[in-house]
Amino acid sequence: MEEIVNFKSTLLRCINCGHTTGLLEERTFACPVCGGLYDVEHNHVMQPFNVMTKKFDWRMSQTGDSPVIKSGVWRFLEWVMPEMYQDQIVSLSEGNVPIVRAGRHLSDWVGPVDLHLILEGMTPTGSFKDFGGTVMMSVAKAAGVKAIGCASTGDTSAMAAAYATAAGIDCAVILPEGKVTPAQLAQPLVHGAKVITLPGTFDDCMRVVKELVNAGKLFPANSLNPTRIEGHQATVFLLAQYFGWNLPDWISLPVGNGSNCSSVGKAMRLMTQLGFNKPTSHILGSQSEAACPLSKSWSRAWEKYGATLAGWKTLYEPMEVGETNATAARIGNPVSYQKVMREITMSNGCMNTVSEKLLNEAVAICGKDGYFVCPQTGTALAGVKMAVEAGWIKKDASVAVVSTANGLKFTESAAGNLMKEIIPAKNCQTETVAKILNL
């Protein structure tokens with residue numbers, strides 16, 4: 001008989017009023033006092049920073065079936081969910097993703113910085129959502145959850161469906177009709193989830209999911225569930241390990257619903273708390289012009305109030321989204337917007353708004369170096385280029401861009417932008433082809 005995880009030293013704390021509750025008892029993930037979001041808080045006694053990094057380095061060098069060996073997320077178990085028993089973990093061996101130096105074309109395009117990419121599309125479902133999904137689904141299983149659900153622009157639905165079926169939990173996903181790529185739509189269907197499309201936006205889907213969650217009918221897989229954030233922290237831990245337990249000057253990422261940005265700042269604060277005594281990264285968050293409620297309000301707040309959290313909160317407002325190839329970030333009212341604000345401000349970071357032309361150009365340039373990234377990654381890359389040109393990111397600074405999904409999920413938009421490059425031959429003769437190729 002499996003031992004039951006009780007998480008005696010882990011709780012949820014409201015980021016606004018400080019109200020606390022038990023991890024396994026919570027089902028709506030909204031503070032009953034003020035309606036705020038929760039953070040996961042561990043009161044578990046942790047070993048010193050240098051002791052743990054040696055353990056993490058050892059695990060990376062090993063082979064075996066244990067999730068702390070096979071998973072690039074659970075390698076950091078003591079920092080992610082320290083009371084989780086290894087035999088209760090729901091894992092698909094996620095997180096073992098490449099971190100690569102930018103190629104010649106991308107480096108020339110972005111400007112004079114030391115640029116790396118962490119390719120989080122190299123995961124079981126093809127996006128960074130797996131980092132959080134493995135932790136969220138493990139906790140859901142420990143809590144005895146029978147049905148889980150999410151609103152999604154594509155990647156969350158794939159993650160939720162894959163990890164739910166691995167855990168033996170029913171899954172429902174609610175998607176905006178016509179706003180999810182065929183590849184992203186196929187994934188939850190393949191994994192056996194119940195797929196529902198609504199004739200609206202992601203924000204409409206999120207409203208319905210919240211109402212079902214509040215009625216006690218679904219357990220949420222969206223990032224309002226803070227156990228997701230605990231897994232996403234592995235992005236920072238992996239980067240630190242890659243750089244010899246140092247962090248780059250900047251970490252750049254696209255911002256949609258806000259889970260990735262939320263986790264980056266939380267992870268850096270945890271490392272500092274445990275004894276990391278070197279500089280942490282500034283966070284650069286980028287959004288497309290079609291869906292930029294956070295970057296737009298950040299710019300207005302910067303001009304009016306400077307880098308103050310209170311000023312940003314005052315000027316923030318949701319927006320009606322437009323059309324963009326970066327469909328996974330086409331969100332006008334991000335669930336985790338307050339956490340994004342907190343992390344950008346605390347890291348002395350910044351945000352910018354990227355044109356559709358520039359984000360598509362970034363995807364094409366990256367492809368010339370052999371990496372097919374998603375349009376959301378294009379947003380982050382274009383954001384770095386803009387920040388370098390504006391002088392926010394200084395010459396020779398080290399920058400890591402979080403590549404959030406595999407470009408193969410977005411072939412329609414990539415092909416659509418490059419169809420003009422195709423050369424039709426007028427016949428099937430070898431000489432004709434040789435002439436086109438100047439051979």
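The values are calculated or read from the model by the stated rules, or taken from the named source; none is laboratory data. Computed from a prediction, not measured in an experiment: that's the story for all the values here. Here the Cβ is made from the backbone with ideal geometry for all residues, glycine too, and neighbour counts use every protein chain on show.
Might you let me know whether the range 399-407 holds any residue that is among the hydroxyl-bearing types (Ser, Thr, Tyr) and surrounded by fewer than 17 Cβ atoms within 10 Å (Cβ to Cβ)?
no
Looking at residue 415 and the list (1) loosely packed, with under 13 Cβ neighbours inside 10 Å; (2) closer than 21 Å to residue 279 by Cβ, which single condition is not satisfied?
(2)
Given the options 192, 200, name the one that is over 28 Å from residue 318 (Cα atoms) and either of a type outside the set (Lys, Arg) or surrounded by 23 or more Cβ atoms within 10 Å (Cβ to Cβ) (or both).
192
Just the residues that are part of a helix (DSSP H, G or I), among the acidic types (Asp, Glu) and within 21 Å of residue 109 (Cβ to Cβ), please, taken from the range 395-439.
Once the filter is applied, which keeps residues that are part of a helix (DSSP H, G or I), among the acidic types (Asp, Glu) and within 21 Å of residue 109 (Cβ to Cβ), the range 395-439 yields only 421.
Going through the range 269-306 one residue at a time, which ones are in contact with a Phe, Trp or Tyr (Cβ under 9 Å, 6 or more places away or on another chain), more than 28 Å from residue 375 (Cα to Cα) and either part of a loop (DSSP other than H, G, I, E, B) or in contact (Cβ under 8 Å) with a residue 12 or more places away in the chain (or both)?
Residues satisfying the conditions are 270, 271, 274, 275, 276, 277, 278.
From the list 152, 138, which one is of a type in the set (S, T, N, Q) and under 14 Å from residue 228 (Cα atoms)?
138
Could you give every pair whose Cβ atoms fall below 7 Å, whose first residue belongs to the range 77-101 and is free of Cβ contacts under 8 Å to residues at least 24 places away in the same chain and farther than 22 Å from residue 404 by Cβ, and whose second residue is surrounded by fewer than 19 Cβ atoms within 10 Å (Cβ to Cβ) and of a type outside the set (Lys, Arg), counting only separations of at least 6 or pairs across chains?
Between residues of the range 77-101 that are free of Cβ contacts under 8 Å to residues at least 24 places away in the same chain and farther than 22 Å from residue 404 by Cβ and residues that are surrounded by fewer than 19 Cβ atoms within 10 Å (Cβ to Cβ) and of a type outside the set (Lys, Arg), the close pairs are 86/66.
Quick one: is residue 56 under 20 Å from residue 267 (Cα atoms), touching a Lys or Arg at 6+ places or on another chain (Cβ under 8 Å), touching a residue at least 24 places away in the same chain (Cβ under 8 Å) and not aliphatic (A, V, I, L, M)?
yes
Would you point out which residue out of 29, 7 is under 15 Å from residue 82 (Cα atoms), surrounded by 12 or more Cβ atoms within 10 Å (Cβ to Cβ) and of a type outside the set (Val, Ile, Thr)?
None of the others qualify; the one that does is 7.
Name, by its number, the condition in (1) touching a Lys or Arg at 6+ places or on another chain (Cβ under 9 Å); (2) hydrophobic (A, V, I, L, M, F, W, C); (3) surrounded by fewer than 24 Cβ atoms within 10 Å (Cβ to Cβ) that does not hold for residue 238.
Condition (3) is where residue 238 drops out.
Is there a residue in the range 309-324 that is modelled with pLDDT of 95 or more, within 20 Å of residue 400 (Cα to Cα) and of a type in the set (Phe, Trp, Tyr)?
No; the residues of the range 309-324 include none that is modelled with pLDDT of 95 or more, within 20 Å of residue 400 (Cα to Cα) and of a type in the set (Phe, Trp, Tyr).
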